[in-house]
Every structure is written in C-alpha cells, then in structure tokens.
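The values are calculated or read from the model by the stated rules, or taken from the named source; none is laboratory data. Since the model is a prediction, treat every value here as computed from it, not as a measurement. Glycine gets a Cβ as well: all are built from the backbone with ideal geometry, and neighbour counts include every protein chain shown. We work out accessible area using only protein heavy atoms, side chains counted, and drop any ligands, DNA or RNA first. Shrake-Rupley method; radii C 1.70, N 1.55, O 1.52, S 1.80 Å.
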Amino acid sequence: STLAPHAPILTVGSLSKLYWAGLRIGWLRLPPTLAPTLKQAKTLTDFGSSQPAQHLALHLLADLPTLIHERRAAITPARDHLAHLLHTHLPDWTFTTPPGGQFLWITLPGPTASAYTHHAARHGLRLYPGASMGVTPLPDQYLRIPFTLHPDHIPEAVNRLARAWAEFTSRGSGRLA
C-alpha cells in the first residue's frame with residue numbers, strides 16, 4: 001500500500017455479509033511471502049469449507065458487482081431511516097453514519113451497554129454490546145445495531161429501543177458515569 005509500502009497488508013473478505021450469515025466463505029489477499037504460513041495455519045485449524053458452499057460461492061461470484069449494487073440499494077434506505085429515527089428518538093446516543101457495511105456503531109452516554117442489552121431483551125430486542133465484537137478490550141459504552149431490517153420494520157425496532165432505554169435509565173440501571 002502507498003501508506004506503508006514495506007508493511008505486510010492483508011485484506012479479508014467474506015460472502016456472509018453480502019448474502020447470508022450461513023454462507024461461511026471468505027478470502028484473504030496477502031503478500032505471497034505470507035501465503036505458506038497462513039495456508040499451514042488454516043490447515044491446522046480446520047478441515048476446509050463445505051464443498052456445496054464453495055460451489056454456491058463460485059456461482060454467486062459470477063455476478064458479484066450486480067449483487068453488491070443490489071445489496072447496497074436495499075440497505076442504504078434502511079441505514080438512513082434508522083439513523084434518522086435514532087437521532088430523533090434517542091438523541092443522547094451518538095454515531096457516525098457509515099458509508100457502507102450493515103451496522104451502526106452506537107456510543108452510549110455511559111458504560112452501560114452490557115446491562116442495557118440484557119434489559120432490552122425484555123422488549124424483544126437482541127442486541128450485542130460492542131465490547132463483545134472487539135479483538136481487544138473495548139469500553140462497555142458501545143452497541144452494534146444492524147440496519148438490515150426492511151425499512152418498514154425499523155420504526156417498531158426504534159420504538160422498542162427507546163422504550164427500553166427510557167425504562168433502563170429511569171430505574172437507575174443506566175446510571176451514567
């Protein structure tokens with residue numbers, strides 16, 4: 001890369017985010033010098049991917065640009081709708097609307113994400129604290145909220161988020177640090 005010409009740069013990709021979570025086919029782009037080491041590590045840690053999944057992946061990759069375009073066109077309105085509703089109904093939650101991906105990375109006003117996710121489950125919400133998504137320890141202040149729902153379902157999800165948050169913070173469970 002131009003920013004680090006002598007650094008070993010690896011790029012990781014996956015079809016599971018583009019198509020569905022159960023399609024566990026991914027790839028690495030890496031310098032040729034790292035290929036033997038990583039190939040050996042993969043061989044030692046698993047026995048390969050499912051052959052039917054590999055054949056399916058080859059079929060799907062044949063029209064990847066079209067499918068990426070269709071997926072972005074489907075989730076961008078959901079992302080924008082979710083961002084608008086969160087700004088309106090949960091203004092103390094902060095986030096940057098991402099240019100891609102499938103999730104908003106929410107910063108809560110205090111370190112209460114894990115407790116809130118447990119409380120939110122009582123409102124029919126399955127949320128994950130950001131700390132559970134990191135490879136290094138993260139503060140318990142982040143939530144990962146997907147915007148993969150159909151836009152028609154997002155208002156109800158945000159209403160549940162807001163009701164759960166109001167109840168959580170009014171009980172003192174969400175004391176802000």
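Projecting the Cα atoms of 36, 155, 60 onto the charge dipole of the chain (Cβ charges, centred on the Cα centre) puts 36 farthest toward the positive pole. Positive-end ranking of 133, 101, 84 along the dipole of the range 66-174, with charges on Cβ about the Cα centre, is headed by 133. Computed about the Cα centre, the dipole magnitude for the chain is approximately 300 debye when only Lys and Arg (+1) and Asp and Glu (-1) carry charge, each at its Cβ. With protein chains left intact and a 1.4 Å probe, residues in the range 11-62 average 78 Å² of accessible area per residue. Between helix 154-170 and the chain there is an angle of about 60 degrees, using the helix long axis and the longest principal axis of the Cα atoms. Taking label points 7 Å from Cα along the Cα-to-Cβ direction, residue 72 and residue 171 give a separation of 4.2 nm.
On the chain, 60 percent of the accessible area sits on carbon and sulfur atoms, based on a 1.4 Å probe. Note on the chain: GNM, Cα springs under 10 Å; of 88, 107, 37, the largest mean-square fluctuation is that of 37. Relative to the longest principal axis of the Cα atoms of the chain, the long axis of helix 35-45 lies at roughly 60 degrees.
Checking (1) 154; (2) 114; (3) 173 against the coordinates, the calculated volume of the Cα convex hull per residue in Å³ falls under label (3).
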